[in-house]
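Down below is the structure, laid out as structure tokens.
The values are calculated or read from the model by the stated rules, or taken from the named source; none is laboratory data. Since this is a predicted model, take the numbers as computed values, not measurements. Methodologically, a virtual Cβ is constructed for each residue, glycine included, from the backbone with ideal geometry; neighbour enumeration extends over all protein chains shown. Remember, those area values only see protein heavy atoms, side chains included, never the ligands or the DNA or RNA. Shrake-Rupley method; radii C 1.70, N 1.55, O 1.52, S 1.80 Å.
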Amino acid sequence: MTKPISPLRQRMIDDMTMRNLSANTQETYIRSVAQFSAFHRRSPDKLGVEHVRDFHLHLVSRGLVANSIAVKMAALRFFYGTTLRRPNIAAEIPTPRRPDRLPTVLARAEVERLLKAVGDLKLRTALMTIYSAGLRISEAMRLTPQDIDSARMVICVRQGKGRKDRYTVLSGQLLGILRHYWRATRPSHWLFPGRNPARPMTKRALQLACRRAAEAAGLSKSVNTHVATQFCDPLA
């Protein structure tokens, strides 16, 4: 039986929806506030700045990286500042300093090894599309065949960052790859459907495929699908 959503959680969900936060951000923020509440074993609206401080120290003691802690603190700032309308508390929640790191950049030969290591046609084509067009995972997962505009040689990216539509360049080689994929699979709606054809492939499925391909290709660098934005078209 599904557990009913509390009025407080529903209010936070409504606040995030009105501000056009993505589904992934909403899920992360809700989970972070729930972890904060579970840590203190009290409803989060009954907790204050000192409780946030204790939770922050707990996360540090667990060895969480600064990026993960920063996301949880952002969730609590939203919860207190927007949902509870307690800006005085939100203003005192610190933002952990994120370490300055150079992005992982793969050489062209490494990209080719990575993509060749993906055996599944749909997963390989999805990764090729991300790498070639410089897409985010969520953007690629929402593509439909109609978004591939071969007449103008562009890809229409709908509801990308900031919930804005945009266009990105479609290379001739990627167009050939996508045509081969379409002829072989004939997707009905989503270009890269999940196990349930009515829904797109999940972000987790693609990340797992990328990680396994990196291992199979013997790549020692930290590789994930976000590396796509760091290079020019590897298929050109």
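Structure notes:
- Verdict on Ala38 being closer than 29 Å to Arg142 by Cα and either crowded, with 19+ Cβ neighbours inside 10 Å or hydrophobic (A, V, I, L, M, F, W, C) (or both): no
- Flag for Pro94 being over 28 Å from Ala214 (Cβ atoms) and either aliphatic (A, V, I, L, M) or modelled with pLDDT under 90 (or both): yes
- Test set (1) closer than 19 Å to Leu115 by Cα; (2) of a type outside the set (Lys, Arg); (3) in contact (Cβ under 8 Å) with a residue 24 or more places away in the chain; (4) surrounded by fewer than 14 Cβ atoms within 10 Å (Cβ to Cβ) - Ser150 fails condition number: (1)
- Selected residue (criterion: modelled with the highest pLDDT) from residues of the range 187-206 that are polar (S, T, N, Q) and more than 8 Å from Met141 (Cα to Cα): Asn196
- Taken as a whole, the structure places Ala66 among residues that are modelled with pLDDT under 95, out of contact with any Ser or Thr (no Cβ under 8 Å at 6 or more places or on another chain) and open to solvent by less than 30 Å² (accessible area, probe 1.4 Å).
Conditions (1) closer than 17 Å to Arg204 by Cβ; (2) of a type in the set (S, T, N, Q); (3) out of contact with any strand residue (DSSP E or B) (no Cβ under 9 Å at 6 or more places or on another chain); (4) surrounded by 14 or more Cβ atoms within 10 Å (Cβ to Cβ), marked per residue:
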position: Val111; (1), (2), (3), (4): no, no, yes, yes
position: Lys116; (1), (2), (3), (4): no, no, yes, no
position: Leu123; (1), (2), (3), (4): yes, no, yes, yes
position: Leu127; (1), (2), (3), (4): yes, no, yes, yes
position: Ile130; (1), (2), (3), (4): yes, no, yes, yes
position: Ala133; (1), (2), (3), (4): no, no, no, yes
position: Ile137; (1), (2), (3), (4): yes, no, yes, yes
position: Leu143; (1), (2), (3), (4): no, no, no, yes
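- In the range 190-221, the qualifying residues are those that are under 14 Å from the mean Cα position of the chain (by Cα) and open to solvent by 50 Å² or more (accessible area, probe 1.4 Å), and the one that is farthest from Pro145 (Cα to Cα) is Leu208.
- Ala109 vs. criteria of a type in the set (A, V, I, L, M) and modelled with pLDDT under 85: yes
- Members of the range 153-174 found to be open to solvent by 20 Å² or more (accessible area, probe 1.4 Å) and either assigned to a helix (DSSP H, G or I) or of a type in the set (D, E, K, R) (or both), listed by number: Arg158, Lys161, Gly162, Arg163, Lys164, Asp165, Arg166, Gly172, Gln173
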